[in-house]
1. What number does segment 118-203 give for Rg over Rh if you use C-alpha atoms and the Kirkwood radius?
2. May I ask what percent, to the nearest 5, of DSSP beta bridges between residues of the chain are antiparallel?
3. Using just the C-alpha positions of segment 55-97 as equal point scatterers, what log10 of I(q)/I(0) does the Debye formula give at each q in 0.31 1/Å?
4. Which whole-Hz couplings ³J(HN,Hα) result when phi for each residue of segment 53-67 is put into the Karplus expression 6.51 cos²θ - 1.76 cosθ + 1.60, θ = phi - 60°, listed in order with x for Gly and Pro?
5. What FRET efficiency would be calculated for the residue pair Ile181, Val214, taking the C-beta separation as r and a Förster radius of 25 Å, to the nearest 0.05?
6. Report the extension gain between Lys194 and Leu170 in nm, rounded to one decimal, defined as 0.36 nm multiplied by the number of residues separating them, less their alpha carbon distance.
7. Quick one: helix 2-26 against the long Cα principal axis of the chain, what's the angle to the nearest 10°, folded into 0 to 90?
8. Highest mean first, how do 19-25, 128-134 rank when packing is the count of other Cβ atoms within 10 Å averaged over residues?
Amino acid sequence: MFPLIILLLFVFYALLILYYWQSWKSIPDFIVSGQTSSIFISVIIPARNEEENIGELLKALQQQTYPKDLFEIIVVDDHSTDKTAPIVSQFTGVKLLALKDEAINSYKKKAIEKGIAAASGELIVTTDADCIPSPVWLQTIVSFKEKTNAGFIVAPVVFHLPSPFHGEGLGVRVFQAMDFIVLQGITAASVYKKMHSMCNGANLAYERQLFYDVDGFAGIDH
């Protein structure tokens, strides 16, 4: 009886993976349009003890092809005990907030919530302090929104591995990267098929008003 159960579970799993694979293959490619936009974006970055990463991210955001007057950058310092806040303060035009809430269940979501409350943009874009976006990141998101009129946009995240491939712990990092890529593929396939939704907050966009229409992260502390 037990071997039969194992076999049935294996068959179900294999069929599910095949479904995800076919769904992934059916996702159409998106080409960024060259048209101008007037959508104002608020980029929100929750950060805790990210002194080694936050500077590189902010430099990458300064190199965006999207018009500088059409986006703002908000960093929410989540109880950092290192030099995260002083590093952020060195960047002109970056708004730095401090999360002072204590005894909450999800500090990161509370940081994002605080950032959104201070945001001016109609479109919220979130990322993590240890990410490095390409120069066309914001332009791509806005172009996709204008083409699809989407209120919520799920976008991919990939790991960066050192080149050449050597170093201590590389095997574990390669495994993590492969596992993460599979999750990203399942995310894209399931969202595209409207089967269920999951997403990574390191590359996510949604209309600010929609956040409040669904009561944001209300109830997260309970």
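Read the figures in this text as sums done on the coordinates, not as results from a lab. Keep in mind that what you see is a predicted model, and the values were worked out from it rather than measured. Positions of Cβ are backbone-derived with ideal geometry, glycine not excepted, and every protein chain shown enters the neighbour counts.
1. Numbers: Rg = 15.4 Å, Rh = 15.0 Å.
Dividing the radius of gyration by the Kirkwood radius yields 1.03.
2. Working: 7 of 24 bridges.
Here the share of antiparallel DSSP bridges comes out near 30 percent.
3. -1.24
4. 3J(HN,Hα) across segment 53-67, in whole Hz: 10, 4, x, 5, 5, 5, 5, 5, 5, 5, 9, 5, 6, 5, x.
5. Working: r = 29 Å, r/R0 = 1.18.
Using R0 = 25 Å, I get an efficiency of 0.25.
6. Details: separation 24, 0.36 × 24 = 8.64 nm, distance 3.57 nm.
Result: 5.1 nm gained on full extension.
7. Helix 2-26 sits at roughly 50 degrees to that axis.
8. Details: 19-25: 14.3, 128-134: 17.3.
Listed from highest to lowest mean packing, they are 128-134, 19-25.
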